[in-house]
Structures are given as C-alpha cells and as structure tokens.
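Take a look at the structure set out below.
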Amino acid sequence: MSLTSKEIIELTNKYGANNYAPLEVVIQKAEGCWVWDPEGKKYLDMLSSYSAINHGHRHPEILKAMIEQTERVTLTSRAFHNDRLYELLEKIAKVTKKEKVLPMNSGAEAVETALKIIRKWAYLKKGIPENKAEIIVSGNNFHGRTITIISFSTEEQYKKGFGPFTPGFKVIPFGDIKVLEEAINENTAAFLTEPIQGEGGIIVPPEGFLKQAKELCEKHNVLLAVDEIQTGLGRTGKMFAFEYDNIEPDVIIIGKALGGGVYPVSAVACNNDIMDVIKPGDHGSTFGGNPLAAAVGVKSLEIIERDDLPGQAMEKGKYFMDELRKIDHPQIKEIRGRGLLIGLELHKGDKNAHDYCEELREEGVLCKDTHDTVIRFAPPLVITKEEMDFALDKIRKIFSK
C-alpha cells in the first residue's frame, strides 16, 4: 500500500536529520516543468532544484545517455582511465574557453578544489610566502556548506557551532569596487565571487562591476574566480553570467545543471599556467570524472548549446519579469534578476516570503523563499509561455488578497 504525503513526511522527520525545513509537499513523479505528489496533485516547478534542472525534469536524451552508459561501465575511479572522461573535459574546456578542467561531483567540492588550486598557484607562481595567501570574497555569499567555505560566510547561522574556522579569507561588500581595490595587498591570491548572488537573494551587482574587478585583478596579478554553479549554463540568459561584462575570468566553477538534473557533476576550469600547479596526489575524488558523470555531462552541455537554452532564458525571463512588475501590491518592493533567475523582494509586513511560497504551493506552484523577504523564481529553462502564464495567474491571485 502506498503512503500518503503526510505519512512520508512523518517518516522522513523521524529518521532524518533536522537540517532542512522544506515546504510541505512530497514529490513522487516529475516530467518537464511539472511534478506530482502521491495524491496525484500536479505542481509547476519554479525552482528547478536551485538551477540543477535547467533542462527540465527527466529530459529524455539525458536519461537515454545515462541508461546507455549504465549498460557499459559506471565507475572506474581515477586509478584507471575511462573512455568517456576525455569527452567531458574537452566539452567543458570548449564551453568555458579554458585549457584544463578538473572534474568533481558537488558544487561545494568544486569550490574547495578551486580554493586549493588558487592557493597553490599563489605560492608556486606568484611567490606569496607559505601560508600567507589571502582570498577576497563577497559578503552575503553562498558557495557551499563545508567548514572552509562557511569560514568566509557572513550568514551567522551557517557558522554558529561549527568553529574553529579556516583562516585566509577577507570579506568585502558585494559589488563594491572601491573596497575591493583597498582590500588587495601583496598576499592577495584571488577574488572569488558569484556573478549574481542566488541564495543571497538574487542580488545583481552594479553594472560593470565584474569588468572593473577583472581589470583590478590583472593589475595586481590576482586571479578572478567566478562561482557559476547556479548562474552558469544558461540560467541568466547567457551561457555564463560573467559574459554580461565581456570578461574572461581566470577560474570558472560550474556544477548543478552540468548534471542534467539526474546526476551530480561539477568542475573547475582554468588555463594551463594555473592548473599545472596540481600534481598527482595533490587532489582527487573517487567519483569525480566517472564515466556515468561524463556521459551525462556531455549530453547536458550538448542540449544547452543545441537548443539555445541561454537564449530561451533571456527571452522568457524578460517576459516573466515584465509581467511581475505589473502586479500592484504594497508589499512588493522590487523585481530583479537576469534571465530566469528572478527574485521578488518584499517589504517587511504581516506575511513573509515563506508564507507566500506556502500559498503558491496550495495553488500548484512551487518556489522557495530566501532571507525572509525574497521569493525566488527559477523554473526550468524549457518552460513554455503557457506554463509561465499559469504561474503568473497564481502569483497575481495570492497578491490580490
């Protein structure tokens, strides 16, 4: 006998760690932009697993590539070569316009990998004294949940009870080029930032900020590293969000949509003069670059390019934001974003963003709040106009009460 949503949630809470507070919905089945609960109720997914499902749920070509690979070989470890990894490395190198790629699994692993590459480059290539390298980061950032990554978070909850923390990071206000310039010194190895802050509330930096940051970094022999895990691979209306500033970062970190919504795949890309500091034994991952991940990653990138998902996100995001801006409600403060990474910010009032997300869930639309006052909308990039209109009708309804 199948369990009800209520029973599933109770069992999950009984046996699972209390480290998430999800909306009260159970997803049992998914297709394209839609998901269903055990009772058969249908919901429009407007979160895409934080941009991991840019292609839509269960894309048939990605599933086919995955299934075909499972019939051959799924895991070899990096103790041996496999016949699929080179394809993934070549594809990522071409998409990022970089010479070398280091594959991992989760986004946090890729960020940790980038930090190690940056620090070793600082000592071997820039000549910073051992253990003195500093990496500048943006306040309000979100790069993952490991001890080192939360060491430079400015969100107190992410840090409380988890110290001592990893030293070597300097935090500046996001988008403040003047403070960035003042923060750089002879021990600065890199500036690591998200081009647009997702978890931070869909915060877009001032126009031209990344271009100015890149110029500063070049002037001082400092690496510019961009975390495109959530913003990359079409989400913001371009393949990468840094393309809005017409720059070439030194280090590019990708993940989420690289796995096509079916498998965790991430990577760090940079040129030879940076990546060649990594030698056998310096870093690794049992699962990183496995043949199954490679097959999925290659197919995911092929579809993003072939179907012009960045172009789709640009066009659809403009329509969705334009329609959101027409909603007249005293609690709506701002609509912002790029492509289909959209934030609706609220003035503080009787209801917070979570309350509105629960109301939308009741109406058959799934989205997620962040920082109490921001509702995030980030649907699969394959969403249709009819599906967007469905969501907009429900959003207008909850803001008409």
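Please treat every number below as a calculation from the coordinates, not as lab data. Here the structure is a predicted model, which is why all the values come from computation and not from measurement. Cβ: placed from backbone, ideal geometry, glycine included. Neighbour counts: every protein chain shown.
Working note: Karplus 6.51/-1.76/1.60 with θ = phi - 60° gives the range 191-200 the couplings 10, 9, 8, 7, x, 9, 7, x, 4, x Hz, where Gly and Pro are set to x. Close amide H partners of PHE169, meaning residues 5 or more places away or on another chain with modelled amide H under 5 Å apart, are ILE135. May I ask what percent, to the nearest 5, of DSSP beta bridges between residues of the chain are antiparallel? Bridges in the chain are about 65 percent antiparallel.
Modelled spin labels at LEU63 and LYS211, positioned 7 Å past Cα toward Cβ, are 4.4 nm from each other.
Taking Cα centre as origin and charging only the Cβ of basic (Lys, Arg, +1) and acidic (Asp, Glu, -1) residues, the dipole magnitude of the chain rounds to 440 debye.
When the chain is described by a simple charge dipole with +1 on each Lys and Arg Cβ and -1 on each Asp and Glu Cβ, the residue from GLN157, ASN13, ALA114 located farthest towards its positive end is ALA114. Once the chain from ASP372 to TYR158 is taken as fully extended at 0.36 nm per residue, the excess over their C-alpha distance is 75.5 nm. Volume of the convex hull of the range 1-122 (Cα atoms only), normalised per residue: 204 Å³.
Multiply the residue separation of ARG145 and TRP36 by 0.36 nm, subtract the distance between their alpha-carbon atoms, and state the gained length in nm to one decimal. Can you show the working numbers first?
Values: separation 109, 0.36 × 109 = 39.24 nm, distance 2.94 nm.
Computed gain between ARG145 and TRP36 is 36.3 nm.
Given N residues in the range 246-401, what is Rg(Cα) / (2.2 N^0.38 Å)?
Working: Rg = 19.7 Å, N = 156, 2.2 N^0.38 = 15.0 Å.
Scaled against compact globular proteins, the figure is 1.31.
Among ASP276, ASP245, a tally of other beta-carbon atoms within 10 Å of each Cβ gives an order, fewest to most, of ASP276, ASP245. When +1 charges are put on Lys and Arg Cβ atoms and -1 charges on Asp and Glu Cβ atoms, the dipole computed for the range 127-166 relative to its Cα centre reaches about 120 debye. Peptides 90-96, 38-44, ordered by how many other C-beta atoms sit within 10 Å of their residues on average, highest first, read 90-96, 38-44. For the range 337-401, chymotrypsin sites (Phe, Trp or Tyr not before Pro) are listed when DSSP marks them as loop and at most 10 other Cβ atoms sit within 10 Å of their Cβ; the list is empty.
Farthest toward the positive end of the dipole of the chain, out of TYR50, LEU89, GLN312, is the Cα of LEU89, where the dipole comes from beta carbon charges about the Cα centre.
Taking Cα centre as origin and charging only the Cβ of basic (Lys, Arg, +1) and acidic (Asp, Glu, -1) residues, the dipole magnitude of the range 244-358 rounds to 300 debye. Amide H to amide H, with H built 1.01 Å from N, THR188 comes under 5 Å of GLU134, counting only residues 5 or more places away or on other chains.
Each principal axis of the Cα cloud of the chain was taken in turn, and the coordinate range along them, longest first, works out to 61, 53, 43 Å. How far apart, in nm, are the 7 Å Cα→Cβ label points at LYS351 and GLU24? It works out to 1.6 nm between the two label points. Counting only residues 5 or more places away or on other chains, whose amide H sits under 5 Å from the amide H of LYS333 once H atoms are built in the peptide plane? Answer set, sorted by chain and number: GLU345, LEU346, HIS347.
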